[in-house]
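Participant: Attaching a single structure in structure tokens format; questions to follow.
The values are calculated or read from the model by the stated rules, or taken from the named source; none is laboratory data. Remember, it's a predicted structure, so these values are computed and weren't measured experimentally. Neighbour counts run over all protein chains shown; Cβ positions are idealised from the backbone, glycine included. With ligands, DNA and RNA removed, areas are computed over all heavy atoms of the protein, side chains included. Shrake-Rupley method; radii C 1.70, N 1.55, O 1.52, S 1.80 Å.
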Amino acid sequence: MTRAYAINNHPERGFLIYRDMMRQMDIRPNPQSCSFVIKSCMRNCSLYGGLQIHGRVLRDGFCSDTRLMTTLMEFYSGGGKGEDACQVFDEMPERDTVAWNVLVSCYIRNGRTRDALEVFDKMRSGECGCEPDDVTCLMVLQACANLCAFEFGERVHRYVKDCGYDRALNICNSLVAMYSKCGQLDKAYQVFREIPNRDVVSWTSMISGFASNGRGREAIDVFREMNRMGISPDEQTFTALLSGCSHSGLLDEGKLIFDHMQREFGMVPNIHHYGCVVDLMGRVGLVEDAYDLIISMKCKPDPTIWRTLLGACKVHGNLELGERVIEHLIELKAQEAGDYILLLNMYTSAGNWEKVIETRKLMKEKGIQTTPSASTIELKGQIHEFKVDDTSHSRINEVYEMLDEIEKQLKIGGYEAEITDSRLSYHSEKLAMAFGVLETPPGTKLRVAKDLRICNDCHNFAKALSQVYNREVIIRDRTRFHHFRGGQCSCNDFW
Ligand code: ZN
Ligand code: ZN
């Protein structure tokens, strides 16, 4: 009965019936009943209930039951208690693949992506007594995609092939997504081509890959082929397509597709579709039209869409509209440090120092703090992480020296560090790039992933670096890919 309640719509009753069993009927629970009641606590988001059961489990000595302990891990991990989940794991006398998988998913959920990859290596080395299975591979591929960890991803790919997991469609789709997100489109396309029974997810992953790498026309070509094959697109397919148009500045195509999805496919555009179109219009300078589009939307504008427009206002120097957009963000109570920094940059460029001081004061009053962002770079299959003005990396002094050296070299090439946010700081992506230059032979491609949007200065820095040092640099920021080559970026300086 506990189980039935746990998996149906009344998880809270699962807990009650379990309690009655003990109190009224005086029946002692066994590991299975504990496991079911934890599941009901999980579904009911009852941390307190789960803690009680955990106490019971300890008292009754069920800690050697691997399945029960794994359920407890899931419970803690799902409730945002990653540390507790890890502790349960550490205390388990025996662990199977499922337990290891829950640990991996717990790491990923709690932002410890690098640790998740380490677990994969450990499992492969035989240290854990069990091998990674298809579930592990799926999660790890996702982690590689997030970290832009191409070499690691390739290693997972080889493993997947050896085990025959690449016969599963979801694994293949993840591979396409992983390679795309690492900026390796040729590899992504190769995997995509070899999938025998491509579904809408496969097609969408490929379209999205071309789209985010600034190859909008190819994204459209893949979409056409998908149509010919009789595969129906879904909402995500159109989001990918429209974002491809915006990343490549294809205004006419984008408008046509936006129209097409409504008329031919009877779809009601969602906020993401609108967001892409706003981005596209902003990119080509139609910021006022983009504003009108947002106002006319059938769905409620979210902070992201306003932020997209704010970015465009900055690029086109439209201060007046930028201020209006900030008002909307304030109204939504969603203003972030990044928004104010964009506004600050606009005031600085316009030489409006009064407003600069005023905005700074406002930020202070509202207690808005800039959150430190992080960048990662993969070298020889190892992930290194840097934060703004980082001092934690073991070789940080060498990195700063290298960065100084690079800036000197780039100065000769015409690059001048820009003083943004009141001081010259070392953004994480600069540190990651400097580390890359330090650690790899000349000409090696650098691949950096960053959690926030790249700033103007770092963008200029990367452009100059790609030219002066003759290296390709790929930076994936929060929204798109920047592929720097010979002093140019694939985004054509719009992001
Ligand atoms: Zn920066
Ligand atoms: Zn760029």
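Participant: Show the residue pairs meeting these rules: Cβ distance below 8 Å; 6+ apart or different chains; first residue within segment 1-27 and more than 15 Å from residue 49 (Cα to Cα); second residue aromatic (Phe, Trp, Tyr) and assigned to a helix (DSSP H, G or I).
Facilitator: So the pair list comes out as 3/36.
Participant: Identify, please: which residue in segment 451-476 is without any contact (Cβ under 8 Å) to a residue 40 or more places away in the chain and assigned to a loop (DSSP other than H, G, I, E, B) and is, among those, farthest from ligand 1 (Cβ to nearest atom)?
Facilitator: The residue in question is 470.
Residue-by-condition table, conditions (1) buried (at least 21 other Cβ atoms within 10 Å of the Cβ); (2) in a helix (DSSP H, G or I):
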site: 176; (1), (2): yes, yes
site: 179; (1), (2): yes, yes
site: 190; (1), (2): no, yes
site: 197; (1), (2): no, no
site: 201; (1), (2): no, yes
site: 205; (1), (2): yes, yes
site: 208; (1), (2): yes, yes
site: 211; (1), (2): yes, yes
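Participant: Would you confirm whether or not segment 425-448 contains a residue that is polar (S, T, N, Q) and within 11 Å of ligand 1 (Cβ to nearest atom)?
Facilitator: yes
Participant: Can you tell me which residue among 322, 311 is open to solvent by less than 30 Å² (accessible area, probe 1.4 Å), in a helix (DSSP H, G or I) and in contact with a Lys or Arg (Cβ under 7 Å, 6 or more places away or on another chain)? Quick ask: steps written out before the conclusion?
Facilitator: Details: 311 fails: in contact with a Lys or Arg (Cβ under 7 Å, 6 or more places away or on another chain).
Within the list 322, 311, the selection yields 322.
Participant: Residue check, residue 384 against (1) surrounded by fewer than 16 Cβ atoms within 10 Å (Cβ to Cβ); (2) more than 12 Å from ligand 1 (Cβ to nearest atom), all met but one. Which one?
Facilitator: Only one criterion is unmet by residue 384, namely (1).
Participant: Cβ contacts < 7 Å: first residue under 12 Å from residue 342 (Cβ atoms), restricted to segment 304-332; second residue among the aromatic types (Phe, Trp, Tyr), any location; separation 6+ or different chain. Result?
Facilitator: Between residues of segment 304-332 that are under 12 Å from residue 342 (Cβ atoms) and residues that are among the aromatic types (Phe, Trp, Tyr), the close pairs are 309/291; 315/494; 325/306; 329/306.
Participant: OK, next. Here are some residues: 168, 211. Which one is among the small types (Gly, Ala, Ser) and over 24 Å from residue 108 (Cβ atoms)?
Facilitator: Details: 168 fails: over 24 Å from residue 108 (Cβ atoms).
So the residue among 168, 211 that is among the small types (Gly, Ala, Ser) and over 24 Å from residue 108 (Cβ atoms) is 211.
Participant: Something else now. Filter segment 424-440 for residues that are modelled with pLDDT of 90 or more and part of a loop (DSSP other than H, G, I, E, B) and give the result. Break it down stepwise before answering.
Facilitator: Step one: of segment 424-440, the residues modelled with pLDDT of 90 or more are 429-440.
Within segment 424-440, just 440 meets the criteria.
Participant: Something else: So which of 357, 377, 396 ends up being surrounded by 12 or more Cβ atoms within 10 Å (Cβ to Cβ) and either among the acidic types (Asp, Glu) or free of Cβ contacts under 8 Å to residues at least 40 places away in the same chain (or both)? Please lay out each step first, then the result.
Facilitator: Working: 357 fails: surrounded by 12 or more Cβ atoms within 10 Å (Cβ to Cβ); 377 fails: either among the acidic types (Asp, Glu) or free of Cβ contacts under 8 Å to residues at least 40 places away in the same chain (or both).
Exactly one of 357, 377, 396 is surrounded by 12 or more Cβ atoms within 10 Å (Cβ to Cβ) and either among the acidic types (Asp, Glu) or free of Cβ contacts under 8 Å to residues at least 40 places away in the same chain (or both), namely 396.
Participant: Let me ask another. Of everything in segment 260-285, what is closer than 18 Å to residue 244 by Cβ, open to solvent by less than 70 Å² (accessible area, probe 1.4 Å) and not in a helix (DSSP H, G or I)? Give them in sequence order.
Facilitator: Across segment 260-285, the qualifying residues are 267, 269, 270, 284.
Participant: Related question: Output the residues belonging to segment 472-495 that are open to solvent by 10 Å² or more (accessible area, probe 1.4 Å) and either more than 10 Å from ligand 2 (Cβ to nearest atom) or touching a Cys at 6+ places or on another chain (Cβ under 6 Å) (or both).
Facilitator: Listed by number, the residues that qualify are 472, 476, 478, 479, 485, 486, 487.
Participant: List, please: which pairs have Cβ atoms under 8 Å, are six or more places apart or on different chains, and start with a residue in segment 162-185 that is in contact (Cβ under 8 Å) with a residue 40 or more places away in the chain and end with one that is aliphatic (A, V, I, L, M) and part of a helix (DSSP H, G or I)?
Facilitator: 181/145; 182/145
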